[in-house]
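The values are calculated or read from the model by the stated rules, or taken from the named source; none is laboratory data. As the structure is a prediction and not an experimental result, all values here were calculated from the model. Glycine also receives a Cβ, built like all others from the backbone with ideal geometry; neighbour counts cover every protein chain displayed. To get the accessible areas, we keep the full protein, side chains included, count just its heavy atoms, and leave off ligands, DNA and RNA. Shrake-Rupley method; radii C 1.70, N 1.55, O 1.52, S 1.80 Å.
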Amino acid sequence: MIATQEWSNYANKDGSGYYFSLLERAFPGYQYSVTFMPYARSLAMLEQQQVDLVFGASEDDFDDARCGVSLVEVDRSDMLTSQRLASGFRSSLDLNGKYVVSRIGYDWRDQLPAGTRYKEYASLAQMIKLLSVGRVDAVLEYRDEIEQALLKLGGDYQQLVIVDNVVEYGSTFCFAANKRGEYLQKQFDRVMLQMIESGELRALMLQTLGSDEDYPY
């Protein structure tokens with residue numbers, strides 16, 4: 001069983017996207033069920049061994065889990081902010097002293113300057129509204145998610161600007177810390193090495209995402 005948040009072009013609810021394509025390559029012919037849920041909950045479900053696999057995570061997210069040795073991507077978060085902050089923005093160091101928010105479970109704190117005030121919320125729409133009235137300085141989220149949320153919200157958010165590739169970390173597939181998880185991880189690691197060496201992993205990313213910008217090797 002797989003637990004994942006819905007991520008546009010990575011884990012779509014119709015079973016398409018980069019993560020699902022990689023899953024099918026690593027485990028051909030396997031039968032699996034998928035439950036879509038908030039990212040933080042998926043991490044907790046894996047920690048409790050209630051599911052076998054989560055996408056796009058790392059060992060730092062868990063006290064006890066088995067994560068793939070090879071990275072599947074470099075996970076980069078974009079940022080929604082004011083025109084004023086965006087105009088002078090050069091790197092994440094510019095967020096020192098700012099109030100930055102993100103979705104529960106994303107845990108970008110360690111990638112931000114020590115002086116950043118950081119908090120997580122369940123609702124992206126709520127964070128955008130807080131930003132629009134000046135209650136926070138920036139929202140860390142992926143561009144596709146931001147654009148979809150702005151479209152749903154409607155209204156006037158023209159004063160807000162998306163800045164790409166603000167913070168980053170490497171992510172992979174993580175498995176439950178039990179015998180089944182150990183078997184699945186070994187299978188995943190074996191296939192990943194083959195795909196990296198043959199160039200198939202990069203080709204899969206290009207095919208499903210249209211870009212290899214997040215390729216980790």
Check: Applying the selection to segment 177-212, what residues are out of contact with any Lys or Arg (no Cβ under 7 Å at 6 or more places or on another chain), among the small types (G, A, S) and open to solvent by less than 20 Å² (accessible area, probe 1.4 Å)?
Finding: none
Checklist line | Criterion: of a type in the set (A, V, I, L, M, F, W, C) and within 21 Å of the chain's Cα centre (by Cα) - qualifying residue of L160, L140, L130 | finding: L140
Notebook entry, point to check: Within segment 90-102, is even one residue surrounded by 19 or more Cβ atoms within 10 Å (Cβ to Cβ), among the hydroxyl-bearing types (S, T, Y) and under 17 Å from the mean Cα position of the chain (by Cα)?
Noted result: yes
Check: Which numbered condition trips up I162, out of (1) under 21 Å from P38 (Cα atoms); (2) touching a helix residue (DSSP H, G or I) at 6+ places or on another chain (Cβ under 9 Å)?
Finding: (1)
Next item on the list: All but one of (1) in a strand (DSSP E or B); (2) surrounded by fewer than 20 Cβ atoms within 10 Å (Cβ to Cβ); (3) of a type in the set (V, I, T) hold for V166, so report the exception by its number.
Entry: (2)
Note to self: Of the conditions (1) within 26 Å of N12 (Cβ to Cβ); (2) in contact with an Asp or Glu (Cβ under 9 Å, 6 or more places away or on another chain); (3) without any contact (Cβ under 8 Å) to a residue 60 or more places away in the chain, E168 satisfies every one except a single condition; which number is it?
What the structure shows: (3)
